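S.K.: Input: one structure, supplied below.
The values are calculated or read from the model by the stated rules, or taken from the named source; none is laboratory data. Everything numeric here is computed off the predicted structure, so don't read it as measured data. Every residue, glycine as well, gets a Cβ built from its backbone with ideal geometry; the counts of neighbours run over all protein chains shown. Heads up: the accessible areas ignore ligands, DNA and RNA and are worked out on the full protein's heavy atoms, side chains in. Shrake-Rupley method; radii C 1.70, N 1.55, O 1.52, S 1.80 Å.
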Amino acid sequence: MGVIYKSIFGACMWLVLLNYFLWSSVFPIGKFALSVSPPIFLTAVRMLFAAAILLVYLGVKNRKSFKLSWRQIGALALFGFLGVYLTNVLEFWSLTSLPAAKVCFLYSLSPFLAALLSYFHFNEKMTVRKWLGMALGFLAMFPVLIQQSGPESLKSAFGFISWPDLAMFGAVFASVYGWILLRISLKEHKVSTLMANASGMLLGGLMALAHSSLVDSWIP
C-alpha cells in the first residue's frame, strides 16, 4: 500500500507542477501578445474564443445546461464582469508596463485575499496562525513593489506604488471576488462548472469587446 500511496502522491505532485507551469506561462505569452494587440481587445479575443469552444462542447454533450433562469444569468453576468472582464482588462493593462514575473508574483496574493474575503463573506474561521500567515504574505510583497522597471517608474501613483501596481491589485481583487461569485453560482444557483465558465467568459468577452470598440484603434 505504501508504494501505491507514493505513486499517487508523485503523480499528483507532477500534475500540480504542470498546472503552475501552464498558469505562469500565461504571463510571458500575454506580454508577447500585447506587442501585437491592445490589452482590452486582447481580453475580448481570448475570452470569446475560449467561450466558443466550451459552448460548442456543451451544445454537443449537455444541451440541458443552456436552460438558465434570469437569476442564474444575473449571477453569471456579475461573475463575467468581475472575474473575467475587469480582472483581465486590469491585468493586461498593467502587463504593458510591468515585467511578466512581477505580475505573476503579485497574483500570488490571491490565496491571502481569498481567505480574507471568505472570512467576511462566508464567516469562515480565521485562526491566529492564519492571520500571521496573511500578514507575512502581504509584507513579503513590499520588496517586489519597491523594485520598479523603466515604463512602470514613469507611472508612479504615490511613493513606490505605481498605477500599474494598483491596477494589478484591482485585478487580483476582482479575480478572487469573481471566483467567490462563481462558487455561489455553482452551489446556490445550481449552474454546472462548464456552463458557469463558458457564460462568464462569453459575457465578460462581450463587455471587453464593447469597451474596446470605444477606446481601441481596430487595426488587425
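S.K.: I'd like the residue in the stretch 103-127 that is of a type in the set (Ser, Thr, Tyr) and under 15 Å from Val26 (Cβ atoms) and, out of all such residues, is most open to solvent (accessible area, probe 1.4 Å).
M.R.: Let us first name the residues in the stretch 103-127 that are of a type in the set (Ser, Thr, Tyr), namely 107-108, 110, 118-119, 127.
Pick out the ones that are also under 15 Å from Val26 (Cβ atoms) and you get 107-108, 110.
On the way: Tyr107: 24, Ser108: 45, Ser110: 26 Å².
Checking each candidate, the answer is Ser108.
S.K.: Within the stretch 188-220, which residues are farther than 25 Å from Gly59 by Cβ, of a type outside the set (S, T, N, Q) and assigned to a helix (DSSP H, G or I)? First the steps, then the outcome.
M.R.: As a first pass, look at the stretch 188-220 and keep what is farther than 25 Å from Gly59 by Cβ: 188, 211-220.
Remaining after also requiring of a type outside the set (S, T, N, Q): 188, 211, 214-216, 218-220.
Matches in the stretch 188-220: His211, Leu214, Val215.
S.K.: Somewhere in the stretch 106-115, is a residue touching a helix residue (DSSP H, G or I) at 6+ places or on another chain (Cβ under 7 Å), under 27 Å from Ser212 (Cα atoms) and not hydroxyl-bearing (Ser, Thr, Tyr)?
M.R.: yes
S.K.: Can you tell me how many residues within the stretch 88-102 are crowded, with 24+ Cβ neighbours inside 10 Å and of a type outside the set (Asp, Glu)? Steps first, answer last, please.
M.R.: Of the stretch 88-102, the ones crowded, with 24+ Cβ neighbours inside 10 Å are 88-89, 91-92, 94-95, 98.
If we keep only those that are of a type outside the set (Asp, Glu) as well, we get 88-89, 92, 94-95, 98.
Matching residues across the stretch 88-102 total 6.
S.K.: Filter the stretch 23-61 down to the residues that are of a type in the set (A, V, I, L, M, F, W, C) and at pLDDT below 85, then identify the one that is least open to solvent (accessible area, probe 1.4 Å).
M.R.: Applying the first criterion (of a type in the set (A, V, I, L, M, F, W, C)) to the stretch 23-61 yields 23, 26-27, 29, 32-34, 36, 40-42, 44-45, 47-56, 58, 60.
When the remaining residues are screened for being at pLDDT below 85, the result is 23, 26-27.
Values: Trp23: 96, Val26: 55, Phe27: 5 Å².
Step by step, filter the stretch 23-61, then rank; the result is Phe27.
S.K.: Being modelled with pLDDT under 80, farther than 26 Å from Leu182 by Cβ and acidic (Asp, Glu) narrows it down to one of Glu124, Glu152, so name that one.
M.R.: Working: Glu124 fails: farther than 26 Å from Leu182 by Cβ.
The conditions single out Glu152.
S.K.: Which of the following residues is out of contact with any helix residue (DSSP H, G or I) (no Cβ under 7 Å at 6 or more places or on another chain), of a type outside the set (D, E, K, R) and within 16 Å of Met168 (Cα to Cα): Val26, Val60?
M.R.: Numbers: Val60 fails: within 16 Å of Met168 (Cα to Cα).
None of the other options fit; the residue is Val26.
S.K.: Among the residues of the stretch 167-220, write down those that are exposed (fewer than 15 other Cβ atoms within 10 Å of the Cβ) and farther than 28 Å from Lys67 by Cα.
M.R.: Those that are exposed (fewer than 15 other Cβ atoms within 10 Å of the Cβ) and farther than 28 Å from Lys67 by Cα: Ser213, Leu214, Val215, Ser217, Trp218, Ile219, Pro220.
S.K.: Report whether or not Val84 is surrounded by 23 or more Cβ atoms within 10 Å (Cβ to Cβ), modelled with pLDDT of 80 or more and either β-branched (Val, Ile, Thr) or at negative phi (or both).
M.R.: Details: surrounded by 23 or more Cβ atoms within 10 Å (Cβ to Cβ): yes; modelled with pLDDT of 80 or more: yes; either β-branched (Val, Ile, Thr) or at negative phi (or both): yes.
It is true that Val84 is surrounded by 23 or more Cβ atoms within 10 Å (Cβ to Cβ), modelled with pLDDT of 80 or more and either β-branched (Val, Ile, Thr) or at negative phi (or both).
S.K.: Something else: Taking the stated definitions as given, is Trp70 open to solvent by 70 Å² or more (accessible area, probe 1.4 Å) and under 21 Å from Ala208 (Cβ atoms)? If you could, list the steps in order and put the result at the bottom.
M.R.: Numbers: open to solvent by 70 Å² or more (accessible area, probe 1.4 Å): yes; under 21 Å from Ala208 (Cβ atoms): no.
No: the conditions fail for Trp70.
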